[in-house]
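For reference, the structure discussed in these notes is given below.
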Amino acid sequence: MPNLIDGKQLANTIKEEIAIDVNKLRENGGKIPHLAAVLVGEDAASQVYVRNKVRSCEQVGFESTLIRKDSSTTEEELLEIVEELNNDPDIDGFIVQLPLPKHINEEKVTLAINPKKDVDGFHPANFGRMAQGLPAYLPATPFGIMQMLDRYNIEVEGKECVVLGRSNIVGTPISILLSRKARPGNATVSLCHSRTKDLKAHTLRADIIIAAIGIPEFVKGDMVKDGVVIIDVGINRVDDATAKRGYRLKGDVAFDEVAPKASFITPVPGGVGPMTVTSLLMNTLKACKGEIYGH
Ligand code: NAD
């Protein structure tokens, strides 16, 4: 059987390390990292995500501020909040939880965030710096995946990596990070998407597959080779009357079929998901210490 990459356990280990760092800052009279989160509207999943982020801040000893606004908030009002957070010296980093209500232009809001405080790593300035190998806030999910590969000592250099999905928040940035001249990195990366011809030909020769397409159990057992490393980013709700909530979370990979062939695999839930929040904490700590842009 494969080695399970336990994202929950790894996230807890990293949180303990961050908590130790925060204690040191406190003992030395330094500034305590302060993350703000802006939540607009009542999207159920977003409420859960933001609650998790705030709770995680508490766990590691960060300060946190939650700004909740109802769905009638105008774009102008939100941009004012962003500007206030940009200028508030006590806030080291902040996030505006996506998706935003339809009448608000997400791109405009993302661009309004000062890149120095963009701990989600969504601003094009951070994306561009990442692509050029300069210090940058890395987007949370790809950063979490890189941590997993690194801490589980999974060899990436020279490997054939196939990324499924080209979103701005997962597929495209992870394909850049894996191919950079860095450690982990130096992989040969194929970025596959909805227009890819003969996807199976790609997945069959992959040493490492990063699946981020949002289709439950898309990657089947006959699409992978023996010894493959599987990072399953997908979080899909699948109806299940026998489950307490009426649904179950499934990844983009058919776990039961693929796991017996894999050398390493992430479960869903409990894989990439918990690492995403941890990355946000790591970025906020870097922001507080001025590690990316100075003070
Ligand atoms: P998205 O929904 O924005 O885009 C999906 C991508 O998959 C597109 O680039 C598309 O080209 C590709 N695609 C769709 N159908 C395909 C097919 N048949 N063959 C090949 N490629 C295909 O992607 P996203 O926002 O990156 O989300 C992907 C999944 O990851 C979702 O299930 C999402 O919930 C999950 N996700 C999880 C985390 C986490 O923390 N674990 C974070 C972000 C997203």
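Things worth noting here:
- For the residues Pro260, Pro274, the requirement of being farther than 24 Å from Thr203 by Cβ, open to solvent by 30 Å² or more (accessible area, probe 1.4 Å) and either in contact with a Gly (Cβ under 8 Å, 6 or more places away or on another chain) or among the aliphatic types (A, V, I, L, M) (or both) singles out Pro274.
- Only one of Glu63, Glu83, Glu42, Glu76 that is within 27 Å of Ile14 (Cβ to Cβ) and of a type in the set (Asp, Glu): Glu63
- Residues in the range 222-246 that are within 14 Å of the ligand (Cβ to nearest atom), open to solvent by 70 Å² or more (accessible area, probe 1.4 Å) and of a type outside the set (A, V, I, L, M, F, W, C): Arg237 alone.
- Checked against (1) within 16 Å of the ligand (Cβ to nearest atom); (2) surrounded by 22 or more Cβ atoms within 10 Å (Cβ to Cβ); (3) among the basic types (Lys, Arg), Lys117 passes all but condition (1).
- Residue satisfying all of: in the range 180-221; within 12 Å of Gly158 (Cβ to Cβ) and open to solvent by less than 60 Å² (accessible area, probe 1.4 Å); nearest to the ligand (Cβ to nearest atom) among these: Val189
- Qualifying position, being within 14 Å of the ligand (Cβ to nearest atom) and under 30 Å from Pro115 (Cβ atoms), among Leu249, Leu280: Leu280
- Lys244 meets the stated requirement of being among the charged types (D, E, K, R) and free of Cβ contacts under 8 Å to residues at least 24 places away in the same chain.
- Leading residue by the ranking (most open to solvent (accessible area, probe 1.4 Å)) among those in the range 95-113 that are more than 21 Å from the chain's Cα centre (by Cα) and under 14 Å from Ser71 (Cα atoms): Lys102
Residue-wise test of (1) within 24 Å of the chain's Cα centre (by Cα); (2) at pLDDT below 95.
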position	(1), (2)
Pro2	yes, yes
Lys8	yes, no
Glu17	yes, no
Asp21	yes, no
Val40	yes, no
Ala45	yes, yes
Cys57	yes, no
Thr65	yes, no
Glu76	no, no
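The values are calculated or read from the model by the stated rules, or taken from the named source; none is laboratory data. Only a predicted model underlies this, so the values are computations on that prediction, with no experimental measurement involved. Please note: Cβ atoms are built from the backbone with ideal geometry, for glycine as well, and neighbour counts cover all protein chains shown. These area figures cover heavy atoms from the full protein model, side chains too; ligands, DNA and RNA do not enter into them. Shrake-Rupley method; radii C 1.70, N 1.55, O 1.52, S 1.80 Å.
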